[in-house]
1. With viscosity set to 0.890 mPa s at 25 °C, what whole-number translational diffusion coefficient in µm²/s follows for region 1-75 from Stokes-Einstein and a Kirkwood radius over Cα pairs?
2. Under the rule of at least 5 residues apart or a separate chain, name every residue whose amide H is placed under 5 Å from the amide H of residue 3.
Amino acid sequence: MITAAQLRAARALLNIDQRRLAELCGLSVPTIQRMEASESVIRGNVDSLMKLIAALEAAGIELIGEGAASQCGGRGVRLKTEMSGRPFAGDAAAPET
């Protein structure tokens, strides 16, 4: 499984645009746009998802599931869902401090 946020983050780490990602995985740009616009876990054609994940992995991206440890090691970034009971900084509902 891959979330829309993971997909956008992976693309940012690779420094590629949606067009280049579409080329790498053999999907259309509108398909990539729909995937990135998803609410959370990307749903869609299994073949398309497998192509996407394979292309990201071939480019050096390791997708890490919720609560899972990285199997490859190396540096990384993980988004916390909550920090000490406070909303994370990217939350639109977070009050200014």
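Where a number appears in this text, it was derived from the coordinates with a stated rule and is not lab data. Computed from a prediction, not measured in an experiment: that's the story for all the values here.
1. Details: Rh = 12.5 Å.
Answer from the Stokes-Einstein relation: 196 µm²/s.
2. The answer is 42.
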